[in-house]
Amino acid sequence: MEVFKDPSSLQKFLFKERCKAKSLGFAPTMGALHQGHISLIQESRQENNLTVASIFVNPLQFNNTKDLELYPRTLEKDLKMLEDAGTDVVFLPSAEEVYKDLPRLKVNFGHLEEVMEGKFRPGHFNGVAIIVAKLFHYVNPDRAYFGQKDLQQFLIIQQMVKDLSFPIQLKCCPIIRERDGLAMSSRNMRLSQENRQVAAEIYRALLLAKDSLGNGIEKAKEKAMAHMARYKELEPEYFEIADGETLAPVKDVKEHGKLAICAAVNVDGVRLIDNILIKIDSNN
Ligand code: AMP
């Protein structure tokens, strides 16, 4: 496994590899890796000759400095996991290099960034779009792998790739969960043992909403919120049922091909997000 810190040596290396007609898959991460991240590497390895991962905790996408400071950093363990998973190249840029000049560009994704994460984390998706665009330029992949875990982020990147004609195929990979259903997240390691158990109720609330969709959107949301209200440790920030592609509000389920049920919940100061995507059968 090759490890690069500076973009120009990475680019030199990848240019040579590309001349051997290798297809290149890329999975950007912020480190503190778990099986969810590794699933992206596995998917990339199946579809490409060369797999590149990056680890960069992007300051531009944190609107809360405490959250940035507390973000777990486990570089040695991460490198071992990436190597064991068969990653070919790891890119570890520094903030000084990436943001030598602070970007002045501001991007606006309209409705896609006005709801859910965008509403509660002002500036977050601007930071995400800028770092992903920069990483795409450094790595120049054929395919890039993201998790459905950050569904809104995926939809935003998809829009950016389309609007700016990046010649990159995007892949949205399924959410990898713990045995009790909790979506794997780097933030889970900040949970106490007790809160870790309660956190699994977030997924149960999503499933309850899904099962209650037949009674209408509002009833489904109420059911999920009532479930979470039983646990004092869970402080929901939002719980939304939206179109799975546009995140537009849903009134009549039958008018949508896909629905996304999305939640952000604070568990004793640790902010967790999760979602489920549902295909709607228009014959029903
Ligand atoms: P992060 O390091 O949190 O920025 O995540 C890097 C990538 O891994 C993003 O595309 C995430 O959506 C994806 N990811 C994070 N957690 C999971 C998970 N539990 N299952 C699948 N993909 C995930």
Item to check | Any chance K221 is away from the ligand (no atom under 14 Å from the Cβ) and either among the acidic types (D, E) or open to solvent by 80 Å² or more (accessible area, probe 1.4 Å) (or both) | outcome: no
Checklist entry - Take the residues of region 241-265 that are aliphatic (A, V, I, L, M) and either open to solvent by 20 Å² or more (accessible area, probe 1.4 Å) or under 14 Å from L213 (Cβ atoms) (or both): which is modelled with the lowest pLDDT? => result V253
Checklist entry - For region 7-113, which helices (runs of 4 or more DSSP H) that fit wholly inside it have 2 or more residues that are free of Cβ contacts under 8 Å to residues at least 60 places away in the same chain, open to solvent by 20 Å² or more (accessible area, probe 1.4 Å) and among the acidic types (D, E)? => result 75-84
Checklist outcome for this item: For region 145-174 the number of residues that are near the ligand (Cβ under 9 Å from one of its atoms), open to solvent by less than 50 Å² (accessible area, probe 1.4 Å) and either in the same structural domain as R196 (by TED's automatic domain parsing) or under 20 Å from T87 (Cα atoms) (or both) is 4
Next on the checklist: Can you tell me how many residues within region 150-188 are of a type in the set (F, W, Y) and assigned to a loop (DSSP other than H, G, I, E, B)?
Outcome noted: 1
Item to check | Condition met for D268 (within 23 Å of D150 (Cβ to Cβ), surrounded by fewer than 17 Cβ atoms within 10 Å (Cβ to Cβ), outside the structural domain of H111 (by TED's automatic domain parsing) and of a type in the set (D, E, K, R)) | outcome: yes
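The values are calculated or read from the model by the stated rules, or taken from the named source; none is laboratory data. None of these values were measured; they are calculated from a predicted model. Note that we place each Cβ from the backbone using ideal geometry, even for glycine, and neighbour counts take in every protein chain shown. Heads up: the accessible areas ignore ligands, DNA and RNA and are worked out on the full protein's heavy atoms, side chains in. Shrake-Rupley method; radii C 1.70, N 1.55, O 1.52, S 1.80 Å.
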